[in-house]
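K.L.:
Pasting a structure below so you can have a look.
The values are calculated or read from the model by the stated rules, or taken from the named source; none is laboratory data. Remember, it's a predicted structure, so these values are computed and weren't measured experimentally. Reconstructed Cβ throughout: ideal geometry from the backbone, glycine too, with neighbour counts over all protein chains shown. What goes into the accessible areas is simple: the full protein's heavy atoms, side chains included, and nothing from ligands, DNA or RNA. Shrake-Rupley method; radii C 1.70, N 1.55, O 1.52, S 1.80 Å.
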Amino acid sequence: MKRNAIIEKIAHAVVLICALLAIFAVCGITLYMIIKGTPALKEVGVFDLIFGNVWKPTASEPMYGISYIILSSLMGTGLAILIGVPISVMTAVFLSEMAGKKIGNIVGGAVELLAAIPSVIYGLIGMMVLNPLMFHLEKMIYENDSSHQYTGGANMLSAVIVLAIMIMPTVISVTTSSLKAVSNDLRAASLALGATKEQTIFKTVIPAAKSGILTGVVLGIGRALGEAMAINMVAGGAVNLPLPFNSVRTLTTQIVSEMGYAGGLHRQVLFTVGLVLYAFIMIINFLLLKVRKAGAENGSK
Amino acid sequence: MSVKKKIMAAVSAMCLMSVVLTGCGAGGSEKTAEGDTASTELSGSISLAGSTSMEKMCEALSESFMEKNPGVTVNIEYTGSGAGLESLAADSIDIGNASRALKDDEKAGGAVENIVAIDGIAVITDKENAITDVSSEDLAKIYTGEITNWSELGGTDQPIVVVGREAGSGTRDAFEEIMDIADKCNYAQELDSTGAVLAKIAATPGAIGYVSLDVVDDTVTGMKIDGVEASEEQILSGAYLLQRPFVMATNGEISEQSELVQAWFDYINSDEGKEAIKGVGLIIPQ
């Protein structure tokens, strides 16, 4: 009897310590980012840093404006969501509502594989296949425009396409499971009222699974915003306004590409870039919590 | 420009000679005579400060040097060439690193220019490009965005894709500094590694980029600049434009330095040291 109680206590302590470890890691990272990221904010000035649009960290009079970089991250993520989410939701609808067992297994397996492909592979294929295609397109579109700077196909659009594909597995799998979780009573009721299968899916099942789909979208945003490797390989990496055929740099690639040799204030500013990225990710996670909470409340009603 | 270059080359050649001579004379014999016993006896610390571009080379050298001489600590700060030479003038360090030739006033202050390596940069294009020779003026114009099509240089009608390295890269530093276009470059792509630049140039028709001389392979064309081929010989003769010396300046000749500093230079001039320098893609001065 007593032995059992001791084992119980030990188990409790071990589990508690593991849980605290996670909290400690989050707090530690947050604290570190704030400590490392704020000095440059003070030194450069919040306004000059966040809203400045000239990035010349190694010039004799250095400029540390990251507004184009922030914009590129937001634009890239936004467009990737715009392209990726409809495709993903349709795929999920197919998987949960229409596909037979055999085809469903094949498509589902393919989606899982897509999720398992490392981002560097996406980048490599983007670089070797997508960029040359983009270069052809670029030459066609800007044939008579002498002011355009040719990027060789490494541009915003390439990054968006790669990102759109990369977020698909996340969105698809979350959406599929939330669609599957919709009670069959709803489907039956809808069909009984004379709705067709399509009407049932789009008017009944998808609205019922709304919060689950939103969760998938938010996770997708997080994935797109945080992706570095693939973007670094296809986006060109020059700091520019995020227009489709401009070479761009995002928050993540900014850190990846310049951390190696940066020193002094330049390095500190890169930490600030990290802090900005961290803030965005925190906002995304906060949204995620909200969406989940809303979903839970809906479900209980 | 070219006269200045020649003078620079002559001066650096002379300095080189003196380095090599002292290295062979004093250091060499000492080394063979005392061999291993000398290396175990050494202890203390050497301090270096200066050029950020020399970081890779210095790290490689100090690592293997400290491995050989466990009693010695090599402290290196990367503060920039100018700052390093200032610290040297103030006598707060043993060696000032500079990725450029010393200026006359710096030499007048007693700093001696010991060139330990030469950094060469090659300008590369894709294999299909018919233009293999570019003047330095045109090259500068390409990078500042004044020339945007190869047809302006007599080539095919093909837009120029200007590829470079990220801010902070030593290669970019050197290229912009030597071409005198620092901070004026208008890059279409900024890549963060030599390998990425090579792959990108090889895969993109009409692209131009710069990399360390030693990595140029047959997937790309190494361009001639002002008619001079990018090769080790042309760099050593001083004819090739895109090069800069890596200087480890000392207050007075090496022979006047402390035993530790002399051992450091002996190591740099030894086969092992030269291997370390070549290992990071640099050329050994002759």
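K.L.:
Within the range B:210-286, considering only helices (runs of 4 or more DSSP H) that don't extend past its boundaries, which have at least 1 residues that are over 25 Å from B:Ala60 (Cβ atoms) and over 14 Å from the mean Cα position of the chain (by Cα)?
P.N.:
Filter on the range B:210-286 gives B:232-237.
K.L.:
Evaluate the range A:47-68: report whether one residue or more is in a helix (DSSP H, G or I) and open to solvent by less than 30 Å² (accessible area, probe 1.4 Å).
P.N.:
Yes, the range A:47-68 contains a residue that is in a helix (DSSP H, G or I) and open to solvent by less than 30 Å² (accessible area, probe 1.4 Å).
K.L.:
Take B:Gly50 and decide whether it is touching a helix residue (DSSP H, G or I) at 6+ places or on another chain (Cβ under 8 Å), at positive phi and within 14 Å of chain A (Cβ to nearest Cβ).
P.N.:
When the stated conditions are applied, B:Gly50 passes them.
K.L.:
OK, next. Looking at the range B:202-235, which of its residues are charged (D, E, K, R) and touching a strand residue (DSSP E or B) at 6+ places or on another chain (Cβ under 7 Å)?
P.N.:
Passing the criteria: B:Lys224, B:Glu232.
K.L.:
Keeping to the range A:133-150, report how many residues are facing chain B (nearest Cβ under 8 Å) and in contact with a helix residue (DSSP H, G or I) (Cβ under 7 Å, 6 or more places away or on another chain).
P.N.:
Residues flagged as facing chain B (nearest Cβ under 8 Å) and in contact with a helix residue (DSSP H, G or I) (Cβ under 7 Å, 6 or more places away or on another chain) within the range A:133-150 amount to 1.
K.L.:
Inside the range B:206-234, can you point out the residues that are within 14 Å of chain A (Cβ to nearest Cβ) and either charged (D, E, K, R) or open to solvent by 50 Å² or more (accessible area, probe 1.4 Å) (or both)?
P.N.:
Of everything in the range B:206-234, just one residue is within 14 Å of chain A (Cβ to nearest Cβ) and either charged (D, E, K, R) or open to solvent by 50 Å² or more (accessible area, probe 1.4 Å) (or both), namely B:Thr219.
K.L.:
With a cut-off of at least 2 residues that are among the hydroxyl-bearing types (Ser, Thr, Tyr), name the strands (runs of 3 or more DSSP E) lying wholly within the range B:61-150.
P.N.:
Strands (runs of 3 or more DSSP E) meeting the threshold: B:72-78.
K.L.:
So which residues in the range B:140-162 are open to solvent by 50 Å² or more (accessible area, probe 1.4 Å) and either touching a Ser or Thr at 6+ places or on another chain (Cβ under 9 Å) or not assigned by TED's automatic domain parsing to the domain that holds B:Thr221 (or both)?
P.N.:
Across the range B:140-162, the qualifying residues are B:Thr148, B:Asp157.
K.L.:
Okay, next question. How about the range A:69-78: which of its residues are open to solvent by less than 60 Å² (accessible area, probe 1.4 Å) and farther than 12 Å from A:Leu225 by Cβ?
P.N.:
Matches in the range A:69-78: A:Ile69 only.
K.L.:
Still on this structure, I have one more. What residue, among those in the range A:246-280 that are over 30 Å from B:Thr79 (Cβ atoms) and surrounded by 21 or more Cβ atoms within 10 Å (Cβ to Cβ), is nearest to the other protein chains (Cβ to nearest Cβ)?
P.N.:
By that ranking, first place goes to A:Ser247.
K.L.:
Do we have B:Val280 as under 27 Å from B:Asp133 (Cβ atoms), touching a residue at least 60 places away in the same chain (Cβ under 8 Å) and β-branched (Val, Ile, Thr) here?
P.N.:
no
K.L.:
Report, by residue number, each residue of the range B:168-185 that is more than 7 Å from chain A (Cβ to nearest Cβ) and surrounded by fewer than 19 Cβ atoms within 10 Å (Cβ to Cβ).
P.N.:
Within the range B:168-185, B:Glu177, B:Ile178, B:Asp180, B:Ile181, B:Ala182, B:Lys184 meet the criteria.
K.L.:
The conditions are (1) surrounded by 10 or more Cβ atoms within 10 Å (Cβ to Cβ); (2) not assigned by TED's automatic domain parsing to the domain that holds A:Tyr261, and A:Ala92 fails exactly one of them. Which is it?
P.N.:
Condition not satisfied by A:Ala92: (2).
K.L.:
From B:Ser151, B:Ser81, grab the single residue that is hydroxyl-bearing (Ser, Thr, Tyr) and at pLDDT below 90.
P.N.:
Residue meeting the stated conditions: B:Ser81.
Quick grid of which residues meet (1) within 22 Å of B:Gly209 (Cα to Cα); (2) crowded, with 16+ Cβ neighbours inside 10 Å; (3) not basic (Lys, Arg):
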position	(1), (2), (3)
B:Asn69	no, yes, yes
B:Ser81	no, yes, yes
B:Leu85	no, yes, yes
B:Ala90	no, no, yes
B:Ala101	no, yes, yes
B:Asp105	no, no, yes
B:Asp138	yes, yes, yes
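K.L.:
Sticking with this structure for a sec: For the list (1) touching a residue at least 40 places away in the same chain (Cβ under 8 Å); (2) surrounded by 17 or more Cβ atoms within 10 Å (Cβ to Cβ); (3) more than 13 Å from chain A (Cβ to nearest Cβ), I need the number of the one condition that B:Arg165 fails.
P.N.:
Status for B:Arg165: all satisfied but (3).
K.L.:
Something else now. Is there a residue being more than 13 Å from chain B (Cβ to nearest Cβ), modelled with pLDDT of 90 or more and touching a Phe, Trp or Tyr at 6+ places or on another chain (Cβ under 8 Å) anywhere in the range A:208-229?
P.N.:
Checked the range A:208-229: at least one residue is more than 13 Å from chain B (Cβ to nearest Cβ), modelled with pLDDT of 90 or more and touching a Phe, Trp or Tyr at 6+ places or on another chain (Cβ under 8 Å).
K.L.:
Only one of these conditions is not met by B:Ala199: (1) open to solvent by less than 50 Å² (accessible area, probe 1.4 Å); (2) out of contact with any strand residue (DSSP E or B) (no Cβ under 8 Å at 6 or more places or on another chain); (3) more than 30 Å from A:Lys139 (Cα to Cα). Which number is it?
P.N.:
(3)
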